[in-house]
Number of protein chains: 2
Amino acid sequence: MRMRNCLIKSAGLLMILLVNLTITANAQQRPEPVNSPEIMDDHSVLFRLRAPEADSVQLTGTMNADFAGLKMIKNEEGIFEIKVGPLDPDMYVYTFIVDGVRTIDPANNIVVRDGSYIESRLMIPGELTDLYDVKDVPHGRVNAVWYPAESLGMTRRCMVYTPPGYEHSSGSYPVLYLLHGGGGDEEAWISRGRANYVLDNLIAQGKAKPMIIVIPNGNASATSAPGETPLALRLQQNNRAMGSPGAMTDEKIPVSLVNDLIPFIEENYRVIADREHRALSGLSMGGYQTQKTSNLFPDEFDYLGVMSMGLYSMFGNYDKEEHMAQLEALKKAGPKLYWIGCGKADFLHQSVVDLLKFYDEIGFEYTYRESEGGHSWNNWRLYLTEFAPMLF
Amino acid sequence: MRMRNCLIKSAGLLMILLVNLTITANAQQRPEPVNSPEIMDDHSVLFRLRAPEADSVQLTGTMNADFAGLKMIKNEEGIFEIKVGPLDPDMYVYTFIVDGVRTIDPANNIVVRDGSYIESRLMIPGELTDLYDVKDVPHGRVNAVWYPAESLGMTRRCMVYTPPGYEHSSGSYPVLYLLHGGGGDEEAWISRGRANYVLDNLIAQGKAKPMIIVIPNGNASATSAPGETPLALRLQQNNRAMGSPGAMTDEKIPVSLVNDLIPFIEENYRVIADREHRALSGLSMGGYQTQKTSNLFPDEFDYLGVMSMGLYSMFGNYDKEEHMAQLEALKKAGPKLYWIGCGKADFLHQSVVDLLKFYDEIGFEYTYRESEGGHSWNNWRLYLTEFAPMLF
């Protein structure tokens, strides 16, 4: 009887937990979950998807250099499977294509979002990911902050990383403004870039100075990442158009960065408010915006980092004379570091070669870092680990 | 010639943007996106999925009271479609089941996560969602903060909402500790609950006092939401087991809340550190933890809110004598508000009826709010809009 009561109690409890766990995701019958992705000792990876009713499943992801879909093989239990690698230790994202429909891996509860791309995450542990991982070191704080952007006529959201100890110190800190790429938003450098953990680890190792990082939204018509505003269904469609040529070359973003965001940060955080303690870096579209901002405001930043973006002469409104004059002013202002990073396989590599050539011609000094790989977060995370230690 | 140059330039720019936008998601050919979900004027909703190769697509979501899969119909273009509603203004989550595989809506870039459930979001605007929406009011800040939890032997992550004006004030604030349900984590009350925007709006309307909200992780063996720690693939599997009976009835969470988290918050934020300015509320598993914490620590909180959780006599280690003694102590301590909320269709409704009966028997005072609906975020968001105005 006692045993029976105990079983009834356990069954009742189990029911709560099961319903609790499934009800939010709708009470479909869930079969035993598959293990996916499974990392083998040699760092090859098994991807699995239970899909007995599907005819075809492909794997795509950043671990395939060409992003091609790899055919997964169905076993007699209806589980599609593929083994890839061994892979270099790093962070990758992937999706499955199930009978033509792209989906995240339902067995993996870690997804990362970059703009409208929501993908499953895979992490192969190693020396590099040690810099992205949550280690037993003091952690800074990530704040989601709304600020008035008068030059854009809106209140906008940005992410602010304050380094470990900021809250208990009375000191002031230097600031790195960090810009995302086309299609992204203010969450990308946290979600995909893991900028906060990179800095936690670099600071703990004494490799980077404690600094504040500010990540704005680089789309002039957006107030925030699409998930924030509930009525953003239309915005979400707009968001797809945000990386449009007009948005990308819009000078409103550099103007708002300098006239709205920097004053807000300097008023709201304990910041050393001079150019010697102010850095700006960005990737792809953000690399363009980094160039554009420093070209328009040569006296604002002593440290500049252009990732995966070169000469922007392909833009319709490019004016070489203006560009040269701006660079002369920037040269005169003399930033302490003008860093350019690009992967050999980056589709923008030639534009970077053109930029370096142009800078050489006019005697504009820079530091160039050429890496393997292409236009990818694997490179941009790596660049941050190398750029941040050079600052301040 | 000029025209041609211009076209070449535009083509080059377009290439950048397209590659930029697609490369992170792998360069699969993407057909024209469908519009999904499309909200009609009468608040019925059209869901669409382009899936010419799929045989069967179902829609599941919280807008179906029974969470059942609704068959979507394929048109001649290979687009599956279904119309549901009209729906009450509120936030819903949904997924598609494509040939048996659950997936988010690839046309909707807004997903919300509750524990391991990643679902697409739909918002039908109205009076209620006005309380969740980003309005033209001052916004508080959401901080992701790591803190030492000595009684659990780990550093853990929590979310901290500071109300508008906190940073520029020298005053001290009351604190609401807010607990998630089984399977969830410290992000759920932000992602699914939109607690920060609920408070922004209530405070702006003068309906709630400016307060700090602290949202810890309710799983005693977890340091944080699964996405934080890159090496969390194993953790992620553990996470599924975290809502286990042992974890749910583990007294470590109440102990760590009172002994680790509250002192940390009171040391790190400007807080009025007394019971009159300290509230605790939680849903489902968090409703159990709210009861358990106030039963174990009767003098800590003057405001208690138990959402969607009743008498926990179904738990194996339930001890009625102990429970009565604890409630006597709590009665003596005399909290100003002991609020209980439950939906009529909640599968735990009977346990709440049992709890009220038990409280009536021993003369323990409470306020009961019975709503329509079940064990859902629709109710928990609603409860927060009603509970927060009663505090402090």
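We did not get these values from a lab; they are worked out from the coordinates using the rules stated. Here the structure is a predicted model, which means the values were calculated and not measured. Ideal geometry is used to build each Cβ from the backbone, glycine not excepted, and the neighbour counts take in all protein chains shown.
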If you keep only loop residues by DSSP, which chymotrypsin sites (Phe, Trp or Tyr not before Pro) in the stretch B:295-391 have at most 16 other Cβ atoms within 10 Å of their Cβ? B:TYR318, B:PHE347, B:PHE364, B:TYR366
Under the helix-only model (-39500 (n - 2.57) for each DSSP H run of 4 or more, divided by the residues of the protein assembly as shown), the mean residue ellipticity at 222 nm, to 500 deg cm²/dmol, is -8500 deg cm²/dmol
Neighbours of B:TYR338 by Cβ distance under 11 Å: Lys/Arg at +1, Asp/Glu at -1, summed charge 0
Only loop residues by DSSP count here, and only those with at most 12 other Cβ atoms within 10 Å; note down the GluC sites (Glu not before Pro) in the stretch A:39-95 that meet that. A:GLU76, A:GLU77
Apply the Karplus curve 6.51 cos²θ - 1.76 cosθ + 1.60, θ = phi - 60°, to the phi angles in the stretch A:323-332 and return the couplings in whole Hz, x for Gly and Pro. 4, 4, 5, 5, 5, 4, 5, 5, 4, 5
Would you work out which of A:PRO210, B:TYR269, B:GLY193 lies farthest towards the positive end of the dipole of the protein assembly as shown, given +1 charges on the beta-carbon of Lys and Arg and -1 on that of Asp and Glu, about the Cα centre? B:GLY193
Rounded, prolate or oblate: which fits the stretch A:242-392, taking a ≥ b ≥ c as square roots of the Cα gyration tensor eigenvalues, rounded meaning a/c under 1.5, else prolate when a/b beats b/c? rounded
Quick note, the stretch B:289-330: a/c under 1.5 would make it rounded; otherwise a/b > b/c is prolate and the rest oblate (a ≥ b ≥ c, C-alpha gyration tensor); here it is oblate
Any idea what the B:PRO89 label distances to the other copies are, label 7 Å down the Cα→Cβ vector, nm, shortest first? 5.3
Could you give the dipole magnitude of chain A about its Cα centre, charging the beta-carbon of Lys and Arg +1 and that of Asp and Glu -1, in debye to the nearest 20? 1200 debye
The exposure ranking of A:LEU382, B:LEU348, fewest beta-carbon neighbours within 10 Å first, is A:LEU382, B:LEU348
Whole-Hz couplings from phi, Karplus 6.51/-1.76/1.60, listed for the stretch B:273-279; x for Gly and Pro: 8, 9, 5, 5, 10, 9, 10
Going 7 Å from Cα along the Cα-Cβ axis for the label, what nanometre distances separate A:ASP319 from the same residue across the other copies? 8.1
The set of residues whose placed amide H lies less than 5 Å from the amide H of A:TYR338, leaving out same-chain residues fewer than 5 positions away, is A:LEU304, A:THR367
Angle in degrees between helix A:233-242 and the longest Cα principal axis of chain A, rounded to the nearest 10: 50 degrees
Magnitude of the Cβ-charge dipole (Lys and Arg +1, Asp and Glu -1) of the stretch A:113-158 about the Cα centre, nearest 20 debye, reported as 280 debye
Angle between the Cα long axis of helix A:2-23 and the longest principal axis of chain A, 0 to 90 degrees, nearest 10? 40 degrees
About the Cα centre of the stretch A:53-111, how large is the charge dipole given +1 on each Lys and Arg Cβ and -1 on each Asp and Glu Cβ? Please answer in debye to the nearest 20. 120 debye
List the residues, sorted by chain then number, that are 5 or more residues from B:MET154 or on another chain and whose placed amide H is less than 5 Å from its amide H. B:ALA149
Quick check: from the Cα gyration tensor, does chain A come out rounded (a/c under 1.5), prolate or oblate? prolate
Here the stretch B:216-225 yields Karplus 3J(HN,Hα) values (6.51, -1.76, 1.60; θ = phi - 60°; whole Hz; Gly and Pro given as x) of x, 8, x, 9, 4, 9, 9, 8, 5, 3
Which residue of chain B is nearest the rotation axis onto chain A, counting by its Cβ, and what is the distance in whole Å? B:THR103, 2
For the stretch B:345-392, which GluC sites (Glu not before Pro) are both in a DSSP coil and crowded by at most 14 other Cβ atoms within 10 Å? B:GLU365, B:GLU372
Considering amide H positions built from the backbone, and no H for Pro or chain starts, which residues 5 or more places from A:LYS74, or on another chain, come under 5 Å of its amide H? A:GLU81
Percent antiparallel among DSSP beta bridges confined to the protein assembly as shown, nearest 5, equals 65 percent
Distances in nm from A:ALA273 to the matching label points in the other copies, shortest first (labels 7 Å along Cα to Cβ): 3.2
